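*Asks:* If you scroll down you'll find the structure; I have some questions about it.
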Amino acid sequence: VFFFFFKQKTAYEMLRSLVGSEMCIRDSYNGGAIIGMIGKNCVALACDRRLGVQFQTIATNFQKVFQMQDDILLGLSGLGTDIQTFSAVMEYELNLYNLKENRKMKPNTFANLVSTTLYSKRFSPYFVSPIVAGLEKGQPVLTTYDSIGCLTKTEEFVVGGTAAETLYGIAEAFYRPNLNPDELGEIVAQILVSGCDRDILSGWGGVVYVLTEDGLSTKILKTKQT
């Protein structure tokens, strides 16, 4: 009589293999760069404008940051089709909440809604890396997620896309606490341009959004067209 024993893979071992294949599809296929940073009573999101199929550029005006509400921004990096789908789903959920509750959703509530929406699709996830930025009672809110909705809040900055590694190092060098809106917008713009210059899958200009209590300001960046 022979007995055979098979070692069952742990959840951690399975997760590592899944994350590797997921990251390849989610970030590398269409490319992109996105960064969010907190200032004093303000928050900024910036993204590049390129949509590509690996090394082939398809469009140079692809939207990756969406104003969901006066005080909420949603930034998405990853698969281009899922960026459009997920932004439409979140707009639908937000409008439904506003109609049912007859009031606007708070940024922290929206951040949790993004998390539960991602988790509800955990068996066939959206290949996106969302960043939620907002202002709640004058205080900045900045959160990021993985593909199945694990929420991470930060008090400094977050990065995403194929340029994430270069953006992270540059952001660590440039970041300072209590930046005013003008300083925050300028620093985020410099970080984005520098990061895109070092990543072949992102670039073709950028857009910087700075959210304050007075409203939203937008700045278009021009970069090397390569």
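*Asks:* Can you list residues from other chains, or at least 5 along the same chain, whose modelled amide H is less than 5 Å from the amide H of LEU221?
*Replies:* Residues meeting the amide H criterion: GLY206, VAL207, VAL208.
*Asks:* Once you have the Cα-Cα distance between ASN108 and GLU136, take 0.36 nm times their residue separation minus that, and quote the gain in nm to one decimal. Please report the intermediate quantities before stating the final value.
*Replies:* Working: separation 28, 0.36 × 28 = 10.08 nm, distance 0.76 nm.
Full extension of this stretch gives 9.3 nm more.
*Asks:* Expressed as a whole number of Å, what is the distance separating the alpha-carbon centroids of the range 97-137 and the range 151-226?
*Replies:* After rounding, the separation between the Cα centres reads 22 Å.
*Asks:* Separation between the ILE200 and ILE58 pseudo-spin-labels, each 7 Å from Cα along Cα→Cβ, expressed in nm?
*Replies:* It is 2.0 nm.
*Asks:* Applying a 10 Å radius around every beta-carbon, put 43-55, 211-223, 108-120, 180-192 in order of their mean neighbour count, most first.
*Replies:* 43-55, 180-192, 108-120, 211-223
*Asks:* Tell me the per residue accessible area of the range 25-66 using a 1.4 Å probe; a whole number in Å² is fine.
*Replies:* Numbers: 1530 Å² over 42 residues.
That works out to 36 Å² for each residue.
*Asks:* Quick one: give the max-minus-min coordinate of the C-alpha atoms of the chain along each principal axis, largest first, in Å.
*Replies:* Taking max minus min along each principal axis of the Cα atoms, the chain gives 78, 48, 33 Å.
*Asks:* With every protein chain present, what is the per residue accessible area of the range 182-226 (1.4 Å probe, Å²)?
*Replies:* Per residue, the range 182-226 has an accessible area of 53 Å².
*Asks:* Which value, in Å², gives the accessible area per residue of the range 92-172 when a 1.4 Å probe is used on the protein heavy atoms? Walk me through the numbers on the way to the answer.
*Replies:* On the way: 4250 Å² over 81 residues.
Averaged over the residues of the range 92-172, the accessible area is 52 Å².
*Asks:* What's the angle, to the nearest 10 degrees (0 to 90), between helix 181-197's Cα axis and the longest principal axis of the chain?
*Replies:* On a 0 to 90 degree scale, this one is about 50.
*Asks:* In whole percent, what relative contact order does the chain give with Cα contacts below 8 Å and a gap of six or more residues? It would help to have the intermediate numbers written out before the result.
*Replies:* Details: 480 pairs, mean separation 62.9, N = 226.
The normalised contact order for the chain reaches 28 percent.
*Asks:* Find out how many positive minus negative residues lie around VAL188, taking Lys and Arg as positive, Asp and Glu as negative, among other residues whose Cβ is under 13 Å from that of VAL188.
*Replies:* -3
*Asks:* Quick check: at a probe of 1.4 Å, how many percent of the accessible area of the chain sits on carbon and sulfur atoms?
*Replies:* For the chain, the apolar C and S fraction of the accessible surface comes to 54 percent.
*Asks:* Report the full-extension gain for the segment GLU91 to GLU165: residue separation times 0.36 nm, less the Cα-Cα distance, to one decimal in nm.
*Replies:* The span from GLU91 to GLU165 would gain 23.7 nm if fully extended.
The values are calculated or read from the model by the stated rules, or taken from the named source; none is laboratory data. For clarity, every value in this text was computed on a predicted model and none was experimentally measured. Virtual Cβ from ideal backbone geometry, glycine too; neighbours counted across all protein chains shown. Protein only, heavy atoms only, side chains kept; ligands, DNA and RNA dropped before computing areas. Shrake-Rupley method; radii C 1.70, N 1.55, O 1.52, S 1.80 Å.
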